[in-house]
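Here the structure is laid out as structure tokens; the discussion comes afterwards.
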Amino acid sequence: MQSFPAMQAGAMALVCALVPAAHAASTDLLTGNTRLACEATLCLSSGTQPSECSPSLDHYFDIKKYSHGSLDWSATVSARRAFLSQCPASSDQGMPERIDAISRGAGKCDPEYLNRTYAATAYRWRTRTLGGDSGEIVYDVHEIPTVSLDKLPAYCVTYNDHAWTYQLSVRYVGKPEQGGRWVNAEEYDAAQAKWEAEHSGRWASGWNFSLKNPRLGAYRQ
């Protein structure tokens, strides 16, 4: 991933590539869907999106395909890829792979989506044995909101790590068994330090942690 100045330079180079010299005199080249496709390609390559991106992004995310009343993600990806491919530079070296990565990952690799989609419940628990002949084991269990997925899907890795992206990377804070979550990469150090402060010491001492309720039998520790 490039720094912002480098990204600006790369974006400018891409803008130039969007208008091939052979068509530079055409006044209607970058209008309508052609213009929106080129702008969406640029805007979806950065986590920093100015208001000028709104028309192209609204158009892009409004492209949805349904099957039997439910969103058909495979068909939606194909339709979004076809839209981005209307940009004149879409067949240039490296661009088909970039457009494919965008169509699969845009909107599905940010912290909000990951934290919402993979939201789960973890458990902080310990046991004690009651006195008497029964020796009954009693569970003390507390639920913890968490995000179970702590490794990015392959399509997100491809989308986030492309050389033309800027501030798209995300990182996982904490552990799934102890209330982990995704944050933007630039927020990671502060978020991880806060998580460690809140999930250590007396809070963790003497407790077990799992993604399955220990009262139900098998658990991950």
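The values are calculated or read from the model by the stated rules, or taken from the named source; none is laboratory data. What you see is a predicted model, and the numbers here were worked out from it, not measured in a lab. Every residue, glycine among them, receives a Cβ derived from its backbone with ideal geometry; neighbour counts consider all protein chains shown.
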Would you confirm whether or not region 118-129 contains a residue that is of a type outside the set (Ser, Thr, Tyr), without any contact (Cβ under 8 Å) to a residue 40 or more places away in the chain and in a strand (DSSP E or B)?
yes
I need every pair where a residue in region 175-201 that is within 20 Å of Ala122 (Cα to Cα) and not assigned by TED's automatic domain parsing to the domain that holds Thr48 has its Cβ under 8 Å from the Cβ of a residue that is hydrophobic (A, V, I, L, M, F, W, C) and in a loop (DSSP other than H, G, I, E, B), sequence separation at least 6 or different chains.
Pro176/Leu149; Pro176/Leu211; Glu177/Leu211; Gln178/Ala204
Restricting attention to region 143-162, does a residue exist that is assigned to a loop (DSSP other than H, G, I, E, B), touching a residue at least 60 places away in the same chain (Cβ under 8 Å) and within 10 Å of the chain's Cα centre (by Cα)?
no
If you check Tyr60 against the conditions, is it modelled with pLDDT of 70 or more, closer than 22 Å to Val157 by Cα and among the aromatic types (Phe, Trp, Tyr)?
yes
Would you say Asp58 is touching a residue at least 24 places away in the same chain (Cβ under 8 Å) and among the acidic types (Asp, Glu)?
no
